[in-house]
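**Student:** Here you go, one structure.
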Amino acid sequence: MRIVVLASGRGSNLEALIDAQREARLPITLVGVFSDKADARALDIARADGIAAVHVDPRAFGSRREFDEALFAAIAAAKPDLVVLAGFMRILDPAAFKPWLGRIINIHPSLLPKYPGLHTHRRALEAGDRLHGASVHFVTAELDGGPVLGQVRIEIRPDDTPQSLAERLLPQEHRLLVACVALLAGNRLRWAANGVHLDGAPLDRPLQLDEDGELVVDAR
Ligand code: GAR
């Protein structure tokens, strides 16, 4: 499976995909990393690994729509099977990614549908939640609102801060993203009109990552 990653910053989720691919845990080829930030560490990671690294500068375009069209034209030229948003911090114009529906996913640091948007760790703490986590979902016109493929949960501790929660969640995000991409690359998960299908059957709730890094149907 040919994969393009979009990232605005640190790129640790990109690194997790590269590591899994290198260790033969993931049958993918990374065919491009695109960023809206020239200094994104994700671009350095890609370059160091010999992956095409492309900065598309929003300031070079008159409107958000023109930027998005140029970005997706460049993505299309890389001929990916799947586009992965991994810490891409811009809102995309749904018209620009319409041809990619079902082939574009995002990782988000909350148990969606809780806390779409920003400051998810702080919001989970302020709400007094006992569980937090991350979700991988298909991207749709609704911000962080597309069908969720998989989630990982962590417990919130009484002394957690937004930072401690983010730090504890991040390695779990990496495992979740790798596991979701593995199922997609194996053609086991796909987007259908009525939601997400696993092995041809509709899922009525997101898969949950277990301790072994496997995505399983949640019995609860
Ligand atoms: C990750 O925590 C990801 O879930 C989050 O940004 C971080 C990127 O880290 N994404 C969002 O908040 C998207 N709304 P990374 O650059 O190290 O992969």
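No lab work stands behind these numbers, since they all come straight from the coordinates. Not measured: the values here are computed from a predicted model. Reconstructed Cβ throughout: ideal geometry from the backbone, glycine too, with neighbour counts over all protein chains shown.
**Student:** Does any residue of the stretch 34-41 turn out to be farther than 16 Å from CYS180 by Cβ, part of a helix (DSSP H, G or I) and within 16 Å of the ligand (Cβ to nearest atom)?
**Tutor:** Kept after step one, since they are farther than 16 Å from CYS180 by Cβ, are these residues of the stretch 34-41: 34-41.
Checking which are part of a helix (DSSP H, G or I) leaves us with 41.
From the residues that got through so far, the ones that are within 16 Å of the ligand (Cβ to nearest atom) too are 41.
The answer is yes; a qualifying residue exists.
**Student:** Same structure, new question: Tell me, please, whether a residue that is over 26 Å from LEU43 (Cα atoms) and in contact (Cβ under 8 Å) with a residue 12 or more places away in the chain can be found in the stretch 83-93.
**Tutor:** Quick first cut of the stretch 83-93, residues over 26 Å from LEU43 (Cα atoms) only: none.
No, every residue in the stretch 83-93 fails to be over 26 Å from LEU43 (Cα atoms) and in contact (Cβ under 8 Å) with a residue 12 or more places away in the chain.
**Student:** Can I ask one more? Looking at (1) in a helix (DSSP H, G or I); (2) crowded, with 22+ Cβ neighbours inside 10 Å, find the lone condition where ALA20 falls short.
**Tutor:** Exception for ALA20: condition (2).
**Student:** Kindly list the number of the only condition in (1) farther than 22 Å from ASN13 by Cα; (2) part of a helix (DSSP H, G or I); (3) among the β-branched types (Val, Ile, Thr) that fails for VAL178.
**Tutor:** Here VAL178 meets the rest and fails (1).
**Student:** Continuing with this model, one more query. Return the pairs, sorted by first residue and then second, in which the second residue is more than 13 Å from the ligand (Cβ to nearest atom) and among the charged types (D, E, K, R), the first residue lies in the stretch 109-135 and is under 19 Å from GLY150 (Cα atoms), the beta carbons are less than 6 Å apart, and the residues are 6+ apart or on different chains.
**Tutor:** LEU131/ARG153; GLY133/ARG153
**Student:** What is the residue count in the stretch 179-204 for residues that are loosely packed, with under 12 Cβ neighbours inside 10 Å, on the phi < 0 side of the Ramachandran plot and not small (Gly, Ala, Ser)?
**Tutor:** Keep residues of the stretch 179-204 that are loosely packed, with under 12 Cβ neighbours inside 10 Å, which gives 187, 193-194, 199-202, 204.
Of the ones still in play, those that are also on the phi < 0 side of the Ramachandran plot are 193-194, 201-202, 204.
After this cut, where a residue has to be not small (Gly, Ala, Ser) as well, the list is 194, 202, 204.
Total meeting the criteria: 3.
**Student:** Taking ALA74, is it in contact (Cβ under 8 Å) with a residue 24 or more places away in the chain and surrounded by fewer than 16 Cβ atoms within 10 Å (Cβ to Cβ)?
**Tutor:** On the way: in contact (Cβ under 8 Å) with a residue 24 or more places away in the chain: yes; surrounded by fewer than 16 Cβ atoms within 10 Å (Cβ to Cβ): yes.
Taking the combined requirement at face value, the residue satisfies it.
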